[in-house]
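Student: Okay, handing you the structure first.
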There are 4 protein chains.
Amino acid sequence: MQIVLPKEEMEPFLDEVFPQVKGMFGIDRLDEDMLVMRLFADDRHLRPGGTVSGPAMFSLADVAAYVVTMSRIGREALAVTTNCSIDFMRKPKSGRDLLAHARLLKLGRALSVTDVLLFSEGMDAPVARASLTYSLPPKR
Amino acid sequence: MQIVLPKEEMEPFLDEVFPQVKGMFGIDRLDEDMLVMRLFADDRHLRPGGTVSGPAMFSLADVAAYVVTMSRIGREALAVTTNCSIDFMRKPKSGRDLLAHARLLKLGRALSVTDVLLFSEGMDAPVARASLTYSLPPKR
Amino acid sequence: MQIVLPKEEMEPFLDEVFPQVKGMFGIDRLDEDMLVMRLFADDRHLRPGGTVSGPAMFSLADVAAYVVTMSRIGREALAVTTNCSIDFMRKPKSGRDLLAHARLLKLGRALSVTDVLLFSEGMDAPVARASLTYSLPPKR
Amino acid sequence: MQIVLPKEEMEPFLDEVFPQVKGMFGIDRLDEDMLVMRLFADDRHLRPGGTVSGPAMFSLADVAAYVVTMSRIGREALAVTTNCSIDFMRKPKSGRDLLAHARLLKLGRALSVTDVLLFSEGMDAPVARASLTYSLPPKR
């Protein structure tokens, strides 16, 4: 499905709708196949031992699913997460950025479903997987 | 990770541990990248309108995650499903076999995690996605 | 929220929309607090060792969430499950009926969310828990 | 199951293992039936409009499941979340603390399963539900 809100427009849109996380995330790639989104390694999100926390991994998966959905439907700040299931599989590497590889599996009238794999930059095996459902505003 | 229980040995093993579903499933492909498993279209699993039911989709995802796990650890009939999250996204096509594309995301000491996409044969868009955790017997 | 489709009308409605599972389930209780639904112990749903299978547990949770939702919105055969997460926690007792205790957590414009605990009859500890989302047809 | 790490010992233990969230959470009640845990309303966790964010809700559910588990097995900082499924059902009320009502559904050799309902203080209907699995260190 076609991208209607490309990377260059998505970044300022995110800063506008989520000013409280400005500077926390970056978009490496956004095309019809996949979004690659980055959580910058930053002390605020670390557990003792220096790894990224569970809530920070959830945040990245959630914002990635939002970006994937918005990229197809355009500016709809009102879309809300209704469900997330997440499996934490490995310890993230200390001091590394976290990367989300997100794919849109469904875009329906009322719901989108996105699949996300999370990686510590430079590691082959995923640290987590998540699937997220967004509820979309009616009559778009 | 290496396949220790290949397709030729997996099929009789399944018939042995799950005699009640004998003939219900087939293995199209089993290698280190992916398992492709098939639920034969069959009246028992149909809803009115001829589509595969939710429980039949769950069954296929569950047995696919079991096969993927067993293919790496060998015959361990005692592994049990501890968690499944499943998103039903599209209506399966009537009269078509259902195919599971399953990938092992993690094989740990105590748990395996498998990701599954379900397709009606001949359709490009998945009808469902699932992730399943199996608890593995100790001291393998 | 008020029950608009009580137990006496729900049972024939289920037989009408799901004829393929006629006789498989019964309703013990249906009121504003809780639905108690029963899967009759029956050889078809058993694994070796005589316990209820995972797919049979999924089926009971799924139909219970459907009944809880329909009891509030009335006859809407078109509601569909969009998500289920299920934790299998204990082995069901052999030869016992399986009971679902289901509670409606949300009934919105587009979605319902139901929480289900599954018990082997006569056991105190739950064998499984599930949460299910149904997508509801528009403009009810 | 008996509480071996009561409220008075849990609070300093949490400060010790999660110093980065010190002051963010409080325990209202901890007994064999239920844990009630509180996320103090605080600008850091708010979205535009003043409501608690999804990641903050996830954090509260996650720490509540950890506390419920630790309260039965004692000080085991190494337990890790392996799975979470969460349904976001209503918008939290602006400016209110968020309360988690958490119940331990299973404590096994290798895993615990906890069910959590999240409420905006003073509201009857839950804003979210979550279930979380913790993997427990071997040979306790």
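The values are calculated or read from the model by the stated rules, or taken from the named source; none is laboratory data. Nothing here was measured: the structure is a model prediction, and the numbers come from that model. Cβ coordinates were reconstructed from backbone atoms using ideal geometry, including for glycine residues, and neighbour counts include every protein chain displayed. Keep in mind that these areas ignore ligands, DNA and RNA; they rest on the heavy atoms of the full protein, side chains included. Shrake-Rupley method; radii C 1.70, N 1.55, O 1.52, S 1.80 Å.
Student: Residue under question is C:Ile3, and the condition is that it be open to solvent by less than 10 Å² (accessible area, probe 1.4 Å) and out of contact with any Leu (no Cβ under 6 Å at 6 or more places or on another chain); does it hold?
Tutor: No: the conditions fail for C:Ile3.
Student: Do we have C:Leu117 as under 21 Å from C:Asp15 (Cα atoms) and either charged (D, E, K, R) or open to solvent by 20 Å² or more (accessible area, probe 1.4 Å) (or both) here?
Tutor: When the stated conditions are applied, C:Leu117 does not pass them.
Student: Another question, if that's okay. Could you count how many residues in the stretch A:120-140 are surrounded by fewer than 17 Cβ atoms within 10 Å (Cβ to Cβ) and either at the interface with another protein chain (Cβ under 9 Å from one of its Cβ atoms) or part of a strand (DSSP E or B) (or both)?
Tutor: Residues that pass the stated criteria total 2.
Student: Is it the case that A:Asp124 is over 16 Å from the mean Cα position of the chain (by Cα) and farther than 30 Å from D:Glu16 by Cα?
Tutor: Against the criterion (over 16 Å from the mean Cα position of the chain (by Cα) and farther than 30 Å from D:Glu16 by Cα), A:Asp124 qualifies.
Student: In the stretch C:96-114, which residues are under 18 Å from B:Ser85 (Cα atoms) and facing chain D (nearest Cβ under 9 Å)?
Tutor: The answer is C:Leu111, C:Val113.
Student: Taking only the stretch C:55-71 into account, find how many residues are under 14 Å from C:Phe119 (Cα atoms) and not small (Gly, Ala, Ser).
Tutor: Count: 3.
Student: With the requirement that a residue be touching a helix residue (DSSP H, G or I) at 6+ places or on another chain (Cβ under 9 Å) and open to solvent by less than 60 Å² (accessible area, probe 1.4 Å), what does the stretch B:89-114 give you?
Tutor: Across the stretch B:89-114, the qualifying residues are B:Pro92, B:Leu98, B:Leu99, B:Ala100, B:His101, B:Ala102, B:Leu104, B:Leu107, B:Ser112, B:Val113, B:Thr114.
Student: Scan the stretch A:87-110 and report the pairs whose first residue is under 18 Å from A:Ala130 (Cβ atoms) and whose second residue is among the polar types (S, T, N, Q) and modelled with pLDDT under 95, with Cβ atoms within less than 7 Å and a gap of 6+ or a chain change.
Tutor: Between residues of the stretch A:87-110 that are under 18 Å from A:Ala130 (Cβ atoms) and residues that are among the polar types (S, T, N, Q) and modelled with pLDDT under 95, the close pairs are A:Lys91/A:Thr51; A:Pro92/A:Thr51.
Student: What are the pairs, 6+ residues apart or on separate chains, where a residue within the stretch D:1-23 that is at negative phi has its Cβ under 6 Å from a residue that is among the acidic types (Asp, Glu)?
Tutor: Within 6 Å, the pairs are D:Lys22/D:Asp15.
Student: Something else now. Filter the stretch C:61-95 down to residues that are under 13 Å from the mean Cα position of the chain (by Cα) and within 11 Å of another protein chain (Cβ to nearest Cβ) and give me whichever is nearest to B:Asp87 (Cα to Cα).
Tutor: Per the criteria, the residue is C:Cys84.
Student: Here's a follow-up. Return the residue satisfying two criteria in turn: it lies in the stretch C:46-60 and is at the interface with chain B (Cβ under 9 Å from one of its Cβ atoms) and surrounded by 17 or more Cβ atoms within 10 Å (Cβ to Cβ), and of such residues it is modelled with the highest pLDDT.
Tutor: Residues of the stretch C:46-60 at the interface with chain B (Cβ under 9 Å from one of its Cβ atoms): C:46-48, C:53-56, C:58-59.
Checking which are surrounded by 17 or more Cβ atoms within 10 Å (Cβ to Cβ) leaves us with C:46-47, C:53-56, C:58-59.
On the way: C:Leu46: 60, C:Arg47: 61, C:Ser53: 87, C:Gly54: 90, C:Pro55: 90, C:Ala56: 90, C:Phe58: 96, C:Ser59: 93.
The residue in question is C:Phe58.
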